[in-house]
Amino acid sequence: MKFLVVDDSATMRRIVINSLQRIGFTDTVEAADGQEALARFDSSIRFVITDWNMPNMTGTDFTRALRARPDGAHVPVLMVTARSVKEDILTAMEAGVNNYIVKPFTPQVLKEKIDALLPAAAA
Amino acid sequence: MSDSRTQEVLYETEAALRLVDRGLDGLRDDEGAAADAPSTGRAASGTSTALTFEGGLNELPAILERANAQILAVLARLRETRAAIETTTLERIASTHEKIREVTSATEDAAINIMDACDRATQMVDDLDAIDAEPTPDRERASTVRASLRDELFVMMGALQFQDITSQQLAHASSVLVDMEQRLIEIARLFDTRLDVSGKMTAVPEAPDARTYDPNATVRDAESRQALADEIFTAVRSNAA
């Protein structure tokens, strides 16, 4: 299963990708912001993990744009962000995010959220 | 009188004096220009100087009147700016101090976590060496130690998440500094409208892109914040179902 990991922090991209490898997902694509993620997204990508605060295009704008595409309408999107106030979480849901991880996260939380969304990713 | 009020009065007085000084400079310039003007004769020159001086004295009340109006305008702007600065000082600076303290603390916590994990990992490598040195190495035990070693390396990597959060906190602090800088330049210009800071401020950075950081980013209470997110997702989904 191919993952698209979107974060402007190279450190965070490496942490997420290493965490994915550790739980058995080795096929990953990276992007540093929403614009780059939209350009890299194709139908082979079955799971998206995105940050919120990024230059050029934020994670919520990227998710909205992704949802407007036929090939991205149903792909699971997991947001991993430092934002954690109620309004932000609701905004992310409205944008089309399927689940939400607050930074800093543990590998266990990442695994739980991915496991919960795997059926949708496999569909 | 409090220190801050004393400073305010000093600023206001200085501004008023500058304006009056500028008015008097203008008066002197007029006199100087009249004195330097090509004369058509001693009597004519003397008459001209006397007239200008007399005219200048006549103008003094008007100059003072204009200065007074300008001082009042300056004071009004000062009050506005002071109110804005007070808000900034009380709210934004205080939260920025807190963020910077948190950066220090998060950096130290991460360093300690990584060093602790390094110590444990080093001990595990020693254990593996000891197992290897045995006449009949215990492969099962070695496998367990290796798994624990991988866990420790993972702990070290996870601890590096602080970098993403502290960089957002520093971006927020930087934006507050840029904002304060702009306000200080505005105040400086109140005292001297000809002030040109462009040459002196070449190194002033732009405020970070507000989309790239969360002003509330924190490393604290991650578990309870995650629990809140889970609770909201569950509630919204059950309402929608």
**Request:** Being assigned to a loop (DSSP other than H, G, I, E, B) and crowded, with 18+ Cβ neighbours inside 10 Å is the filter; apply it to segment A:90-120 and report the residue that is farthest from the other protein chains (Cβ to nearest Cβ).
**Result:** A:Gly96
**Item:** B:Met157 being closer than 22 Å to A:Arg83 by Cα and either modelled with pLDDT under 75 or not in a loop (DSSP other than H, G, I, E, B) (or both)
**Value:** yes
**Asked** Do any residues in segment B:209-223 that are at the interface with another protein chain (Cβ under 7 Å from one of its Cβ atoms) and farther than 20 Å from A:Phe105 by Cβ have Cβ atoms under 7 Å from those of residues that are modelled with pLDDT of 90 or more and surrounded by 12 or more Cβ atoms within 10 Å (Cβ to Cβ), where the two are at least six apart or on different chains, and which pairs are they?
**Response** B:Asp209/A:Pro55; B:Arg211/A:Asn53; B:Arg211/A:Met54; B:Arg211/A:Pro55; B:Arg211/A:Thr58
**Item:** Scope segment A:106-123; condition in contact (Cβ under 8 Å) with a residue 12 or more places away in the chain and touching a Gly at 6+ places or on another chain (Cβ under 8 Å); matching residues
**Value:** A:Pro107
**Message:** Just to verify a result, which residue in segment B:135-174, among those that are more than 13 Å from every other protein chain (Cβ to nearest Cβ) and among the hydrophobic types (A, V, I, L, M, F, W, C), is surrounded by the most Cβ atoms within 10 Å (Cβ to Cβ)?
**Reply:** B:Ala173
**Fill in**
Being in contact with a helix residue (DSSP H, G or I) (Cβ under 9 Å, 6 or more places away or on another chain), more than 10 Å from chain A (Cβ to nearest Cβ) and modelled with pLDDT under 90 narrows B:Asp196, B:Asp132, B:Asp179, B:Asp127 down to just B:Asp179
**Asked** Can you name the residue in segment B:54-92 that is surrounded by 16 or more Cβ atoms within 10 Å (Cβ to Cβ) and of a type in the set (A, V, I, L, M) and is also modelled with the highest pLDDT among such residues?
**Response** B:Leu75
**Message:** Take the conditions β-branched (Val, Ile, Thr), over 48 Å from the mean Cα position of the chain (by Cα), modelled with pLDDT under 75 and not in a helix (DSSP H, G or I) and apply them to B:Thr49. Does it pass?
**Reply:** no
**Fill in**
Expected output for segment B:226-237 (first residue free of Cβ contacts under 8 Å to residues at least 40 places away in the same chain, partner crowded, with 18+ Cβ neighbours inside 10 Å, Cβ below 6 Å, 6+ apart or cross-chain) is B:Gln226/A:Val102; B:Ala229/A:Ile89; B:Ala229/A:Tyr100; B:Ala229/A:Val102; B:Ile232/A:Ile89; B:Val236/A:Met93
**Prompt:** Would you call A:Asp33 among the acidic types (Asp, Glu), at pLDDT 95 or above, under 30 Å from B:Glu152 (Cβ atoms) and buried (at least 19 other Cβ atoms within 10 Å of the Cβ)?
**Reply:** no
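The values are calculated or read from the model by the stated rules, or taken from the named source; none is laboratory data. Keep in mind the model is a prediction, meaning the values are calculated, not measured. Because the Cβ atoms are built from the backbone with ideal geometry, glycine has one as well, and the counts that use them run over all protein chains shown.
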